[in-house]
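To start, the structure under review is shown below, and the notes come after it.
Read the figures in this text as sums done on the coordinates, not as results from a lab. On a predicted model such as this, the values are computed, not experimentally measured, just so you know. Reconstructed Cβ throughout: ideal geometry from the backbone, glycine too, with neighbour counts over all protein chains shown.
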């Protein structure tokens, strides 16, 4: 094994920078760890809203282009995020076992592999972008196609930075530290907020680049974020140390990470497929209205789900560490605590979304048709919030134990085999039209919860070795 560039003797000091998921009180520990994560996701949502807000000034076609671009970007991100999650799961298990040196070694392998992989991926994706946009039917509206294409070409330059940052953040979170990832994301969001209006509309000697400017601003902030993340972990300030001296790829370890990560990637790929299918179904009506409404409505959903994503990551990390420490009983306590807290929170958010969703839509557009369709979407979608929350955190417990294949199958069944056919049939073969798509989404969330909880109760996920 390679020697560390900085001594792991600092581990006790570094561990204090995070929370104690092995011994701390369950309810408060979960909240303390999840709060910075929730704030990070909210900041990430603002990151997206910033682009949408400024780009919306370019018209409804630009809003639709941003919506499609975000879903394609999410799919692109899936190619590397699964590997990052797989690395994080193994790092969390090693920390739970008390083997921090091995955790640092695993982290180094993950980061270096991600850097090489993401660079190659960005080049390949650039070559196939026009073909992809045509396959999605965007050529039906030349303006939406042009906006989407130019935005994504710029965004591809930031793919390596985005992937590396996500990998480092996943590793740091696995050590119990959720503050550093939040700080990095906050900084990159501020950078994007400054660059976006300057590059979209121009200022003084800076030309107005429109959609291209929005893509450049996002890519630049992602690259800067990666540089800061790398410097942080190389310095040892993030709780783990890179082992770069005499570095060589450890293919048996990488295969183990890929074995974990590929299922996580396929799980998120299933989410991407379902969302792109919904965009495709929506485009069969009035693309500029229905796509724009779904884009805006989805932003409200994702904002409401920030706490779910945060609690899920906290639960996944707690599961990995406590399994490593052979404290299975604490996993059950963490899960029950998360269900209680999220049911209350998402119930409140669902009511607020139902009552005040229209005001959000009016921030981005004055088009009565888009506002009306956005409100229709939100008043249906909010009924699935609690089901989505419980289903999602159940999956995180299962994947945190290393049973990523089981978690992936639950998502595939719920979102691909159930959601897509339901949404298509209800929207195209009933009088529900666009509303049928949104109802299909809610019903699939109910299925997600039912199937996930049945698998959780079986306990088979506790026996996975990694």
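The value of relative contact order for segment 22-463, using C-alpha pairs under 8 Å at least six residues apart, is 22 percent.
Available extension along the chain between residue 463 and residue 327 is 47.6 nm, counting 0.36 nm per residue and deducting the alpha carbon span.
With 0.36 nm allotted per residue and the present C-alpha distance subtracted, the residue 208-residue 116 stretch has 29.8 nm of extension available. The peptide list 435-447, 332-344, put in order of mean Cβ contacts within 10 Å with the highest first, becomes 435-447, 332-344.
Applying 1/(1 + (r/R0)^6) with r as the Cβ-Cβ distance of residue 362 and residue 23 and R0 = 35 angstrom yields a FRET efficiency of 0.10. The Rg/Rh ratio for segment 36-162, using Cα coordinates for both the radius of gyration and the Kirkwood hydrodynamic radius, is 1.08. Note on segment 332-428: Cα-Cα pairs beyond 21 Å make up 52% of the total pair count. Between residue 429 and residue 227, how high is the FRET efficiency from 1/(1 + (r/R0)^6) when r is the Cβ-Cβ distance and R₀ = 56 Å? Nearest 0.05. Computed FRET efficiency for residue 429 and residue 227: 0.60. The order of the peptides 152-160, 397-405, 21-29, 194-202 by mean Cβ neighbours within 10 Å, most packed first, is 397-405, 152-160, 194-202, 21-29. Compute the Cα gyration tensor for segment 249-382, then decide on rounded, prolate or oblate, letting a ≥ b ≥ c be the square roots of its eigenvalues: rounded whenever a/c is under 1.5, prolate when a/b is larger than b/c in the other cases, and oblate in all that remain. Oblate, because a/c is 1.5 or more while a/b does not exceed b/c.
The angle between the Cα long axis of helix 179-201 and the longest principal axis of the Cα atoms of the chain comes to about 30 degrees, rounded to the nearest 10.
Ignoring everything except DSSP H segments at least 4 long, calculate the 222 nm mean residue ellipticity for the chain; use -39,500 (n - 2.57) per segment, divide by total residues, nearest 500. Per the formula, -27000 deg cm²/dmol.
Panel note: the C-alpha atoms of segment 186-313, placed on their principal axes, show extents of 56, 43, 27 Å (largest first). Taking other C-beta atoms within 10 angstrom as a stand-in for reagent exposure, 396, 93, 275 fall in the order 275, 396, 93, fewest first. Cβ-to-Cβ counts within 10 Å put 205, 305 in ascending order as 205, 305, the fewest first. Sorted ascending by nearby beta carbons within 10 Å, beginning with the fewest, 424, 41 become 424, 41.
The modelled label-to-label distance between residue 343 and residue 255, using points 7 Å beyond Cα along the C-beta direction, is 4.5 nm.
Here the relative contact order of segment 175-266, from alpha carbon pairs under 8 Å that lie six or more residues apart, stands at 23 percent. Scoring 119-126, 253-260, 78-85, 165-172 by mean Cβ neighbours within 10 Å over their residues and listing the highest first yields 165-172, 78-85, 253-260, 119-126.
Per the Kirkwood formula applied to alpha carbons, segment 22-463 shows a radius of gyration over Rh ratio, Rg over Rh, of 0.96.
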